[in-house]
Amino acid sequence: MSFQHRSTRHLTLLAAALLTACAETRQIAIDRPEMTPQPFQPLAGFQTIDGDDYYIRLVSEFSAQGDNFLKGGCSDLAPYQKGDLSAALVYRVRNDVVKFQGEASGFLYQATTGKCNFRFDAKKLTLTPWLRLDNGRETQVDYDFYTNANSDLDVSSLVGDVNAASGILALTGAGLGVAVMGQMAGQWMQSNQPAAPAQNQSSAKQSSESHSLPALATYSGKTGKLNQTVFKVFQIDEGGLNLLGAETKPLGELKVYPEIAPTLLLRTGSDGVPDAHDLSFEELSRSTIKGAAGDISLGQLIAQSSHPDKPNLKPDWKNYAEVETNCRKLKLTLKALGFNKFDRDALLYYFLGNSGDWKNYNIDRRRATDSDMRPKTIAAYRDKNFGNCLAEDDYAVMKAMGLAVNTPADWDQLGATSRQQEQLFSPLQSIERQLLAVLRNTSAAEMERQLYPLLMTADKANGKVLLQNHLGDFGLEKLLNPPAAPAAPLPGDTALPPAPAPVVPVTPALSPIPGEGIQVSAKQLAEVFLGLKFGELSCARPAPGQQGKGIGILLFTSPAGGPRIKGGALEFEFADGKINRLAFQLPTYRDFEQDIADRPEVGGCRIDPAWLAKLH
């Protein structure tokens, strides 16, 4: 029994010794940071990476790994710690371009004597707001790693409650959560500076080290790299059952990586390019920015900007110079606020939407072609290109976002098409000028002399033309066959003529003009034109469906007392500078009236639909 008693006493002493020996010290350590470059490419449709293409921000995220105390929980038999220990990795972020600076903790570990008396805080953090890439790559990141044991250094106070503060970095626009940038970044930091740590230097065991991380991003031409940094974090247990030394276990990885986005206010297409169609300036202006002072709309942000040349967002839209000047001011203000070219150009596009000159400059090419715009009109529209505000690149960006704009290449094509059409209309316009000069003449002899070189039948008979009548019975046959004038007496003949015998007058029968028409001379045609007594004359334009085929048509009215009260249309066919066919037509011929209603201007000839009312 005594052996058994002695054995029990020895086991109790051994257990006590083991419990005492199990009082361990846990430390947190990090390995040297590892760099992992991530490539990124130009956006679809763009040849190179531009610092104005993307926004960039820096994110810190911890992921636990391995079998460690974070997973094991409180299953240890021994007291959890011996004394007080703490460790923290603190980032110091600075960007002098946008006057941004701040501190944030990658992780914070605190432990005190006792079982499970520890705290490990490693939440995902946004270290910077969204910054335009050309500004964001200038961000400098340093980190400090602190460890201490049994000291008065308040690590929790050192890192501050940056997790809560980072939530202010949010801006909501067009359905996408985004962050403040540019001037707003510095303003945010001024309102959210963490308190300086109160460090009480003591003889307690503590250590710290400081290092710098590489640039967030590098890019040149078609290639770019986003630099991701990975810290491997370990737990080191000393004492306790580890009689032969310290035991090191992987705790996890702390990653510091940049994120990029091409837009903060717009949707993104499947190819990654922002999509700006079907929006409005008012809609974009209502995008909400959440800042330290509360919510503010984008429109209010622009109005309250500190930029020296703030724009007037409601200029005189009919004053091209004023609109262009305020477009320039808005562009500079948006750039100072940190917006990239996609968001800037979308806002500028919709800002200019109330300007008639902007609509003319971006006229639909098909509509411009169908309406046969003259080269002079095309040149006038192109001259007002808002060149003091928008460069060629801006128009290319707008087009890439699905917005209806005309680039210089579009204008070159539109001008070439207009000149080709002008060449088609030139022969018609030449005939028009000569024919209108004839119709406005009141002298039969002069009219005949003007008509003779202008007429030639299809069988090459000079001074003659095929005349057709589809207008109705207005006495054309009588105009072609005027009554003969009585013969004048011969000079020197003084003898009285014998008294004529009474004769019953006979009216010659006039043959109606056949549908295919008859050939008439310049003299006969002059008599017809004078007899019709033209009133107003319209300009000439191609007959509907006959463009480029040498067939034109014009409208005329007849004054009261004329043979054709309602007026009508005169169709003419020509070739080689000569008219070979003339036809009197109703205005509805070839659906001419509807063509005028649909397209008031064709080939430089504009006939307002109200003109047609004079014919009815």
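Below is a table of values for the structure above.
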{"quantity": "Distance violations [Cα-Cα > 29 Å] among Lys310/Lys376; Lys310/Lys341; Lys99/Lys124; Lys225/Lys310", "calculated": "Lys310/Lys376; Lys225/Lys310"}
{"quantity": "Linear extension gain, Tyr320 paired with Ala416, 0.36 nm per residue minus alpha-carbon span", "calculated": "32.0 nm"}
{"quantity": "Value of Rg/Rh across the range 288-363 [Cα atoms, Kirkwood radius]", "calculated": "1.00"}
{"quantity": "Sequence of Ser521, Ser60 when ordered by accessible area, the most exposed leading, probe 1.4 angstrom", "calculated": "Ser521, Ser60"}
{"quantity": "Translational diffusion of the range 529-616, µm² s⁻¹ [Kirkwood Rh, Cα pairs; Stokes-Einstein; 4 °C; 1.567 mPa s]", "calculated": "97"}
{"quantity": "Inter-probe distance in nm under a simple model that places probes 7 Å from Cα toward Cβ, at Arg92 and Glu138", "calculated": "2.0"}
{"quantity": "Label-point separation in nm, Asp598 to Lys359, each point 7 Å along Cα→Cβ", "calculated": "2.2"}
{"quantity": "Radius, Kirkwood style, for the range 382-450 when every pair of distinct Cα atoms is counted (Å)", "calculated": "15.9"}
{"quantity": "Residues in the range 332-375 that a label on Gln423 would reach, taking backbone N under 20 Å of a point 7 Å out along Cα→Cβ", "calculated": "369-375"}
{"quantity": "Over the range 261-313, equivalent-ellipsoid semi-axes from the Cα gyration tensor in Å", "calculated": "24, 14, 11"}
{"quantity": "Residues with amide H under 5 Å from that of Gly567, placed H, sequence gap 5 or more", "calculated": "Ser558"}
{"quantity": "Solvent accessible area, Å² - Trp611, 1.4 Å probe, full protein context", "calculated": "40"}
{"quantity": "Potential lengthening between Arg32 and Asp309 on full extension [0.36 nm per residue; Cα-Cα distance subtracted]", "calculated": "94.9 nm"}
{"quantity": "Straight-distance crosslink candidates among lysines, where the alpha carbon sits under 28 Å from Lys464 and sequence neighbours closer than 8 are dropped", "calculated": "Lys478, Lys523, Lys533, Lys549, Lys566, Lys578"}
{"quantity": "Relative frequency of Cα-Cα separations exceeding 18 Å in the range 217-355, percent", "calculated": "70"}
{"quantity": "Accessible surface ranking that places the most exposed of Ile596, Ile236 first, with a 1.4 angstrom probe", "calculated": "Ile236, Ile596"}
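The values are calculated or read from the model by the stated rules, or taken from the named source; none is laboratory data. What you are looking at is a predicted structure, and each value in this text was computed from that prediction instead of being measured. Ideal geometry is used to build each Cβ from the backbone, glycine not excepted, and the neighbour counts take in all protein chains shown. All accessible areas refer to the heavy atoms of the entire protein, side chains included, with ligands and DNA or RNA removed. Shrake-Rupley method; radii C 1.70, N 1.55, O 1.52, S 1.80 Å.
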